[in-house]
Amino acid sequence: MGRIGVFDSGYGGLTILDSIRKRMPEYDYIYLGDNARAPYGTRSFDVVYEFTLQAVQKLFALGCPLVILGCNTASAKALRSIQQKYLPVHAPDHRVLGVIRPTAEVVGQLSHTRHIGVLATEGTIKSQSYNLEIEKLYPGSTIVGQACPMWVPLVECGEFDKPGADYFVRDSLQKLLAQDPLIDTIILGCTHYPLLLDKISQQLHDLTTPIPHGREVQDVSSQIRIIPQGQYIAASLDDYLHRHPEMAQRLTRGGTCQYFTTESPTRFRESASLFLHDEITAQRITLN
Ligand code: DGL
């Protein structure tokens, strides 16, 4: 019997964990944040794979037969190799799932124009993972991506709701919209970004609202839909457990969650409360 493990480079996966626990509060969970080595977004494929595999192995050792990579960067750069090379040899009865495929599955249903924007870390954008997944599922879609290198540091440092964040949010949105004025759906392809949602909505509104009095009207829709991933990942996991009762039966149902971080537990506790709106305790863990 075991628990569901949720992994992220830092705090971002807490937005995924929160949605999963709201939908399936009965299960027991372990959250692991590699805060000491975050951000992952600008790291190479090899390094993200190595760090992610270490975290997955730790979650297996802590008793999780099922691990969710609640991190787009890890899902983009490490998931396929873990699923195809590591698991069959070293842990054939364990499963690791990511966040990109479930998000790609819903976005084609939500977009009317099939012009889709992706905001994510440099690593996720460069991997082209969203483009590949969406085109596979919805051929003919137009997908443009914009890396937002400052957004994760703003969130990790607790600056996401400060006035200074507005500049960086607006700058990345402007660059995304300039690539394709027909975008009607934007994926927040990084689990940290929901914390910036208020600022993203505000800046998007300002950028896309036509300016009156004969001044130039921007050629973009004011009806752009923003997709944070949490609810879709939670629905997808729920569906997975229904389709795999053999895995669901291996999971304990006590409604608990334990938190581990590779950095200071005190700092983790303080910052996690911003994501979860709840008081938690955390333990320090090492991965290498
Ligand atoms: N939260 C992670 C993601 O979804 C990455 C943040 C980072 O470590 O750069 O991509």
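The values are calculated or read from the model by the stated rules, or taken from the named source; none is laboratory data. Source: prediction; values computed, not measured. Please note: Cβ atoms are built from the backbone with ideal geometry, for glycine as well, and neighbour counts cover all protein chains shown.
Tabulated values for the structure
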item	result
Any hit, segment 126-136, residues being of a type in the set (A, V, I, L, M, F, W, C), under 25 Å from SER81 (Cβ atoms) and more than 16 Å from the ligand (Cβ to nearest atom)	yes
Matching helices (runs of 4 or more DSSP H) fully within segment 56-116 where at least 1 residues are touching a residue at least 40 places away in the same chain (Cβ under 8 Å)	72-77, 100-110
Filter result (among the aliphatic types (A, V, I, L, M), surrounded by fewer than 20 Cβ atoms within 10 Å (Cβ to Cβ) and more than 16 Å from HIS192 (Cβ to Cβ)) within segment 145-180	ALA178
Tally of residues being of a type in the set (Asp, Glu) and in a strand (DSSP E or B) across segment 1-31	1
Leading residue by the ranking (surrounded by the most Cβ atoms within 10 Å (Cβ to Cβ)) among those in segment 231-285 that are closer than 21 Å to ARG101 by Cα and among the aliphatic types (A, V, I, L, M)	ILE233
Single unsatisfied condition, LEU119 versus (1) of a type in the set (A, V, I, L, M); (2) within 16 Å of the ligand (Cβ to nearest atom); (3) out of contact with any Phe, Trp or Tyr (no Cβ under 9 Å at 6 or more places or on another chain)	(3)
Every residue from segment 78-104 that is charged (D, E, K, R) and either out of contact with any helix residue (DSSP H, G or I) (no Cβ under 7 Å at 6 or more places or on another chain) or modelled with pLDDT under 95 (or both)	ARG80, LYS85, ASP93
Qualifying positions in segment 117-136 - assigned to a helix (DSSP H, G or I), at pLDDT 95 or above and either on the phi > 0 side of the Ramachandran plot or among the acidic types (Asp, Glu) (or both)	GLU133, GLU135
Residue list for segment 106-150, filter: under 18 Å from the mean Cα position of the chain (by Cα) and of a type in the set (Phe, Trp, Tyr)	TYR130
Any hit, segment 32-46, residues being in a helix (DSSP H, G or I) and either of a type in the set (Asp, Glu) or in contact with a Pro (Cβ under 9 Å, 6 or more places away or on another chain) (or both)	yes
Pairs where the first residue, in segment 265-277, is free of Cβ contacts under 8 Å to residues at least 40 places away in the same chain and the second is outside any loop (DSSP other than H, G, I, E, B), C-beta under 7 Å, 6+ apart	PRO265/ALA282; PRO265/GLN283; PRO265/ARG284; ARG269/ALA282
Only one of SER19, SER81, SER75, SER9 that is closer than 23 Å to ARG253 by Cβ and either surrounded by fewer than 23 Cβ atoms within 10 Å (Cβ to Cβ) or within 10 Å of the ligand (Cβ to nearest atom) (or both)	SER19
Flag if LEU188 is under 16 Å from GLY12 (Cβ atoms) and either touching a strand residue (DSSP E or B) at 6+ places or on another chain (Cβ under 7 Å) or at pLDDT below 95 (or both)	yes
